[in-house]
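Report on the following structure.
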Amino acid sequence: MPKIADEKTELKKDSKNQFYYAVGRRKEAIAQIKLVPAGDGKVIINGRELKDYFRGQAYLDLLTEPLRVTNCLNRFSVSVKVKGSGLSGQTGAVVNGLAKALEKVDPQHRVILRKKGFLTRDPRVRERRKVGQMGKARKKKQSPKR
């Protein structure tokens, strides 16, 4: 039987260099993270700078938090492809994927990231629309008085 490579320690390769890869999810958003060692600390999301894609200091602080708590802020270049959902869902997906990639870099980071809650996928998703109701998941027709 052929040996299966351990995904946690294996570096993937593309045409230029080696990188760590992880996928993060939140609501309907899916983020594919490439973490390149010996980078310049740049974060590129869908071909745009971090500050151009996510406007607002709250998003920026949350996105860089996994890198900050593991002291990896300027050690890696981060490339992200994210799709689906809105800004909040995409932010959560990127944070989750970034934490998973950092865990692959060094298993010692797992304790820190787990404690902060970055490795846990948020199970809350949009509730489906029910048949016979007015458009949304819980909206009902007005009942007549008396």
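The values are calculated or read from the model by the stated rules, or taken from the named source; none is laboratory data. Small disclaimer: the values here were computed from a predicted structure and weren't measured. Here the Cβ is made from the backbone with ideal geometry for all residues, glycine too, and neighbour counts use every protein chain on show.
Every residue, every condition in (1) buried (at least 22 other Cβ atoms within 10 Å of the Cβ); (2) over 16 Å from residue 37 (Cβ atoms); (3) in contact with a strand residue (DSSP E or B) (Cβ under 9 Å, 6 or more places away or on another chain); (4) touching a residue at least 12 places away in the same chain (Cβ under 8 Å), yes or no:
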position: 72; (1), (2), (3), (4): no, no, yes, yes
position: 78; (1), (2), (3), (4): yes, no, yes, yes
position: 85; (1), (2), (3), (4): no, yes, yes, yes
position: 102; (1), (2), (3), (4): yes, no, yes, yes
position: 112; (1), (2), (3), (4): no, yes, no, yes
position: 122; (1), (2), (3), (4): no, yes, yes, yes
- [ ] Determine which single condition residue 33 fails, assuming it passes every other condition in (1) modelled with pLDDT under 90; (2) surrounded by 15 or more Cβ atoms within 10 Å (Cβ to Cβ); (3) touching a Phe, Trp or Tyr at 6+ places or on another chain (Cβ under 8 Å).
- [x] (1)
Task: Among the residues listed as 47, 89, the single one being touching a residue at least 12 places away in the same chain (Cβ under 8 Å) and out of contact with any helix residue (DSSP H, G or I) (no Cβ under 7 Å at 6 or more places or on another chain) - done: 89
TODO: Go through 73, 62, 102, 50 for me and flag whichever is over 13 Å from residue 25 (Cβ atoms) and touching a Cys at 6+ places or on another chain (Cβ under 7 Å).
DONE: 102
TODO: Consider residue 85 carefully, then state whether it is small (Gly, Ala, Ser) and farther than 18 Å from residue 29 by Cα.
DONE: no
Open item on the list: For the stretch 41-132, give me every one of the helices (runs of 4 or more DSSP H) that falls completely inside it and has 1 or more residues that are closer than 17 Å to residue 20 by Cα.
Closed with: 57-69, 87-105, 109-116
